[in-house]
Amino acid sequence: MRTPHSRLLRRSWAAALAAVGSVALLVSGFVATPTSAAEAGCRVDYTVDQWPGGYTAQVKVTNLGPAVDGWRLTWTHADGQQVTSAWNATVTQTGASVVAVNADWNGSLATDGSAEFGVQGTWSSTNPDPTDFALNGVACGGTGTTPPPTTPPPTAPPPTTPPPSADCGSAVVCSDFEDQTGTTPSGAWQFAAPDCQGTGTATVDTSVAHSGSRSLRIDGSAGYCNHAFVASTADLSSLGPVMYVRMWVRHTTALPAAHVTFVSLPDSSQDGRALRVGGQNGALQWNRETDDATLPAQSPAGVAQSRPLPTGSWQCLRFAIDTTAPGLDTWLGDEQIPGLHADGVPTQDIDEQWLARTTPPRPTALRLGWESYGTGDDTLWFDDVAVGSSPIGC
Ligand code: CA
């Protein structure tokens, strides 16, 4: 265990702002001896600030090998630490294993080039630094070189990328439903029951809203033909390369064990069949209509990496859908949900099945509503819905 003085213990963010800066820890300085040209040496500087139960870590990865175009840094949290968010990289944790993938703008590392990103997480009993960093599969570990003398870092809170703005004014879809003056959705939002029609309904609700005084209400029932959707008339087929979706959703009944859908995206890469967001086994999931693949896999370990959709309160749900590569991310509030993350690396119980289909999705439209394939009733409200080509905050 590290000596206490090597960490800045933070009891609150207010204290953090007042505190003298943290101490940089060089936990792994190592020049690998490449056994082939493909292997790259690397060094990781992992600087932790922690407070009871939580921490942030600034991670600087330096490429000591040949230049790389795209990097993937892995490590293990063996003591129960859980990464909950990240900036300047996409970071996911499955069990104890953590994977950080470069952001669009910091993937190219020349020899001796470095990239920095940050993570925030939780810890319980102890929070030792990881010891098994690997860059693109090549271990950075080792006893390594003597750390260079540390210089006092500036007094500042941990660097963070500001969250994206909730303002969606320039997005293709940016709707608070306040312009819906009737009871029936109209104008840019049209009722749709694509396959058959039963008792499902869609209305403009003036008594429940996340913003203003209006929202979209769906009363959906069990049974396939009782589905009801409201479709945006906006053409989304040119958005990208990453399509960002933000919505506030409120619902009444916990997600059932059976499969249900509440967001349906017609997908031209599936000949118009849908990329769907809904639930199964009580937790959120993605589903692809053509092959019925799910994300995460519906194993107990996979479902555990997803989250329920809380009932009775407004929830901010966001997606990032890569239309040119296998990349899919999902946030519930500020949490990036590990089980609802697909990348180019198949992970058992998460995206192994999902990545069996290599053609990236190409959503063309957005439908909000309810569809059950067996059991499952729900009443849902949607508000402050946005779709664009750049990140949109909550
Ligand atoms: Ca509203």
What number of residues in segment 38-71 are of a type in the set (F, W, Y) and not in a strand (DSSP E or B)? 1
Could you please find all residues in segment 169-184 being open to solvent by less than 50 Å² (accessible area, probe 1.4 Å), within 14 Å of the ligand (Cβ to nearest atom) and more than 15 Å from A365 (Cβ to Cβ)? F177, Q180
Sort out which residues of segment 97-115 are among the aliphatic types (A, V, I, L, M), over 18 Å from the mean Cα position of the chain (by Cα) and not in a strand (DSSP E or B), and write them in order of number. A110
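Matching residues to (1) near the ligand (Cβ under 10 Å from one of its atoms); (2) outside any strand (DSSP E or B); (3) under 25 Å from L328 (Cβ atoms):
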{"residue": "G198", "(1), (2), (3)": "no, yes, no"}
{"residue": "T203", "(1), (2), (3)": "no, no, no"}
{"residue": "V208", "(1), (2), (3)": "yes, yes, no"}
{"residue": "S213", "(1), (2), (3)": "yes, yes, no"}
{"residue": "R217", "(1), (2), (3)": "no, no, no"}
{"residue": "C225", "(1), (2), (3)": "no, yes, no"}
{"residue": "V230", "(1), (2), (3)": "no, no, yes"}
{"residue": "D235", "(1), (2), (3)": "no, yes, yes"}
{"residue": "G240", "(1), (2), (3)": "no, yes, yes"}
Residue check for P326: crowded, with 18+ Cβ neighbours inside 10 Å, at pLDDT below 95 and touching a Gly at 6+ places or on another chain (Cβ under 9 Å): yes
Conditions (1) within 20 Å of D195 (Cβ to Cβ); (2) surrounded by fewer than 23 Cβ atoms within 10 Å (Cβ to Cβ); number of the one not met by P391: (1)
Of the residues in segment 375-394, those that are hydroxyl-bearing (S, T, Y), under 18 Å from T203 (Cβ atoms) and part of a loop (DSSP other than H, G, I, E, B) number 0
Considering only segment 284-312, state which residues are free of Cβ contacts under 8 Å to residues at least 40 places away in the same chain, within 13 Å of L255 (Cβ to Cβ) and not in a loop (DSSP other than H, G, I, E, B). N287, V303
Which one is most open to solvent (accessible area, probe 1.4 Å), of the residues in segment 331-383 that are within 16 Å of the ligand (Cβ to nearest atom) and not charged (D, E, K, R)? W381
Considering only segment 244-263, how many residues are open to solvent by 20 Å² or more (accessible area, probe 1.4 Å) and either more than 27 Å from G374 (Cα to Cα) or within 15 Å of the ligand (Cβ to nearest atom) (or both)? 3
Qualifying positions in segment 73-94 - at positive phi and open to solvent by less than 50 Å² (accessible area, probe 1.4 Å): N88
Would it be correct to say that P241 is under 27 Å from Y373 (Cβ atoms) and under 30 Å from the mean Cα position of the chain (by Cα)? no
Taking the residues in segment 185-196 that are surrounded by fewer than 20 Cβ atoms within 10 Å (Cβ to Cβ) and within 16 Å of the ligand (Cβ to nearest atom) as candidates, determine which candidate is farthest from C168 (Cα to Cα). S186
Do you know which residues across segment 97-110 are modelled with pLDDT of 90 or more and open to solvent by 40 Å² or more (accessible area, probe 1.4 Å)? S97, V101, S108, A110
Identity of the residue in segment 253-262, in a loop (DSSP other than H, G, I, E, B) and under 25 Å from V387 (Cβ atoms), that ends up nearest to the chain's Cα centre (by Cα): L255
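The values are calculated or read from the model by the stated rules, or taken from the named source; none is laboratory data. What you see is a predicted model; the values in this text were computed from it and never measured. Cβ: placed from backbone, ideal geometry, glycine included. Neighbour counts: every protein chain shown. The protein model used for the area step is the full one, side chains on, heavy atoms only, and it has no ligands, DNA or RNA in it. Shrake-Rupley method; radii C 1.70, N 1.55, O 1.52, S 1.80 Å.
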